[in-house]
Structures are given as structure tokens and as C-alpha cells.
Amino acid sequence: MAPEKWQQKTLDQVAVGKLTNGAFNDPKMVGKGYRLINVVDLYNPFEIDVTRLKRLDLPEKDFQKYQVSKGDLLFTRSSLKLEGIAQCARFTQECNDVIFDCHIMRLRPNKALVDSNFLYEYCSSYPAKKHFMRFAKTGTMTTIDQAGISTLIVPTPPLPEQKKIAQILSTWDQAITATERLLENSQQRKKGLMQQLLTGKKRLPGFEGEWEEGRLGDLCKFRGGSAFKEIHQGSQSGELPFIKVSDMNLPGNEIYIQSANNWVSQNDAKAMRAKSFPEGSIVFAKVGAALLLNRRRILTRATIIDNNMMAALPEDNASRNFLYQVLLMIDFAKFVQDGAVPSINQSDLSSFKIKFPSLKEQTHIAEILDKSDEEVAQLQKLIDRLKQEKKALMQQLLTGKRRVQVETEAA
């Protein structure tokens, strides 16, 4: 039940006009004209960066129809995943030459009824996401129409209270954004270090001489995984973890495989002829999209991997962590061969030409890059914690379970 003086209003009741679809992105008209917000721009971890927007040429009358103003909210009309539908972003800049794409819907808040920042926070909350998913239509893509978005019911306190709530949540947004920028900078520094240290362009003090010219197969052996039987799906009994590609995304598995969704006994593994890989093996997907193909994980114990995965087993002349960093730098998507199920060609991967230093230098290089990875991991953990804390606060403030103090003058 909403607190006293709070009203229940739908999105279309707090908007100026109706939700509007954007301009058709005609490839022939790209390159000049007005700045165009595309779907990808709504997923920017910070704010919509107008300096990076592409341009689309439109007649003046169409520009007036599709112009984006400060305070407008933008929603995606489709998503590959149900939980991604109606992704909301707010336009916060003073820029008068911006329009939006036809795969986006624009809502213009009525400033006399609702604060734009408050409305953005609510449209990003769990109750709003739950509403959008309920009204989404699933097929090849998940889609939502104007009615599915505009019928969202928003608990609406008086404007001064809205602004106070938005101000509090904005503080968390600023902390998250600042940390995300630190993370981005740290990731860029790591990439720069990899380019210098893993190619020999920059040498560490005390090391000289030419690196050995060879192939990736000189540092490791590649082996494929075993067929996974659904009978073991979700089983938590057994001595051996049996991981699939999806297990690489489990919390705590960002670098090392610490947990698994599926376990099997030694006898079951023997019956399936599924051989385990030793601790220290580096595993990765051999089929899937480029994003999946370029993830690497290190095993912390004997583990069986699914046949959609492959493992690199370090040779005696290779530092495990150096090899891990080298594999991170290589774009595995380039090794995919066409077929009924396009997958990485093991032979091509093994014969990939590289240069590598002595084992001692490998170890020192890996130590530097590992520290960089630790910095990235710590920043990511901090972002995750801040987001969870903000989420808990949103559930309290946006429903009126927790009230804020508003100065009498403002009220």
C-alpha cells in the first residue's frame, strides 16, 4: 500500500504526449545531419556520449518529431534476452541536435508531475523490469510495444519527495559511475601492458637476448572435452566437477574455476570415458559467439569439461600464468572453421606463430599482469557491491517503505 500523499500513476499519465518510436536509420542517409542515438548507446555504463554518436540526415519536420531533449527517457523495443527488454536510459545533456533510432521509444516526462531522474530510477527498478517482462512478446527476439511500457504503474510521491529520492539514488549512481571509469581505465592499462610485455616490445630489468620463435603448441597441448549427459544436469554428488561453457560465468569463476553446477562420480566419469583435466589447465569455449570464445579460465582442481570446450595444458617450458595471459591476448574467433557447428580448429590454434622468452622471464611478466588482473577484479567486486546496495535502497525508497526528510520550504 502506497504511503499517504503518494499516487499511483501510469507512465503515460506522467508523460507529455505518448511514447514515440524513433527515426528509420536509412544507411543512405548516414554520415551527416543530426546526432543519432542507437540501441547500443543505451547500454553505455556511464551516460549517453553525444560525441560518439553517428549522424543521420533528416528533413527538418522529421527532426522536430524525433528530437531528444534533456530529461527524456529512452527504452529499447527489443532484446536478445527477456530480462533485457525495455532497457531504460536518460538523456542528461544540453544538446539540441540529437535524435533517436526506430528501435528505441522515447518518453518525455511531464515536469509538473514527475521528476525525470526519479522516473528513470523507477523504470530501472525490479518492479518495473518485472512489468516489462510480463508484457514482452518472445520469439526470435523479445519485443515490447508502446502499451507494454506506458501501462507501467509508478508509485508517485509529491515532487519534492521525488527529487529528494532521486538525489539520494544519484549519489549511488555517481559512485558506481566513478568506479566503472576506474575499472575501464584499469582494463585499458592492462591491455597496454599485455601488448608491450607479451610481445617483447618492453623488456623487464635484468632480461636481455632474443625471444624464441615458435608456435603456441610449443608452450601447451590442446585437448577437447567430453560429451555431457543431461542425466548429470544439476547433480551435486560426486568427486569431479563437470563444467560447461555457462559455468565460466558463475560468481567467483572470473579467472579461476572455483565452482560448478554439475558433479559426477569417478565411476560415472569412467563409464562416459570422460577424462579429467589437471589443476592448472586453462579452459575455454570452442564454439559460440566471439564473446564466449575469448573467455579463459584456470582450473583449481581436476575437472571434466564439456565437448563444447577445450583446454590448454602447459608444457614444462611454460609458466601457466604467462600462457594464460598469452591466450587472453589471442582472438580465438579467428580460428573458427565453418561446419554444421562452427568451432575452433585445434590444429590451427596449435600452429599459431608466437615468440616467447625464458621460463624465468615468463614468470616475472605473468606476476605483473596478474597484479593488474587483481586490480580489475577488486574494482569489479566493488561495483557489484555498490549496485547491490543501491538495489536494496531502491526497493525501500521507491515504494515508500523508507521515507525521506523533505525541507518544509521545498514541500
### Task
Please list, ordered by first then second residue, the pairs with beta carbon atoms under 6 Å, 6 or more apart or interchain, first in region 91-106 and under 22 Å from LEU11 (Cα atoms), second acidic (Asp, Glu) and at pLDDT 95 or above.
PHE91/ASP72; ARG106/ASP72
### Query
Would it be correct to say that LYS401 is exposed (fewer than 13 other Cβ atoms within 10 Å of the Cβ) and over 24 Å from LEU183 (Cα atoms)?
yes
#### Entry: Unique residue being out of contact with any Asp or Glu (no Cβ under 6 Å at 6 or more places or on another chain), aliphatic (A, V, I, L, M), over 28 Å from ASP338 (Cβ atoms) and without any contact (Cβ under 8 Å) to a residue 24 or more places away in the chain when the list is ALA271, ALA302
ALA271
### Query
Listed residues LEU182, LEU169; which is of a type in the set (A, V, I, L, M, F, W, C), part of a helix (DSSP H, G or I), open to solvent by less than 20 Å² (accessible area, probe 1.4 Å) and at negative phi?
LEU169
### Message
So, in region 298-327, exactly how many residues are open to solvent by 30 Å² or more (accessible area, probe 1.4 Å) and hydrophobic (A, V, I, L, M, F, W, C)?
### Response
2
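Matching residues to (1) surrounded by 12 or more Cβ atoms within 10 Å (Cβ to Cβ); (2) at pLDDT 95 or above; (3) not polar (S, T, N, Q):
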residue: ASP331; (1), (2), (3): no, no, yes
residue: GLN337; (1), (2), (3): no, no, no
residue: ILE344; (1), (2), (3): yes, no, yes
residue: PHE356; (1), (2), (3): yes, yes, yes
residue: GLN362; (1), (2), (3): yes, yes, no
residue: LEU369; (1), (2), (3): yes, yes, yes
residue: SER372; (1), (2), (3): yes, yes, no
residue: GLN395; (1), (2), (3): yes, no, no
## Note on the structure
Within region 28-50, the count of residues that are closer than 22 Å to THR143 by Cβ and without any contact (Cβ under 8 Å) to a residue 40 or more places away in the chain comes to 1
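The values are calculated or read from the model by the stated rules, or taken from the named source; none is laboratory data. From a predicted model like this one, the values you see are computed outputs, not experimental measurements. A quick note on method: Cβ atoms are made from the backbone with ideal geometry, for glycine too, and the neighbour counts reach across all protein chains shown. Calculation scope for accessible area: heavy atoms of the full protein, side chains included, ligands and nucleic acids excluded. Shrake-Rupley method; radii C 1.70, N 1.55, O 1.52, S 1.80 Å.
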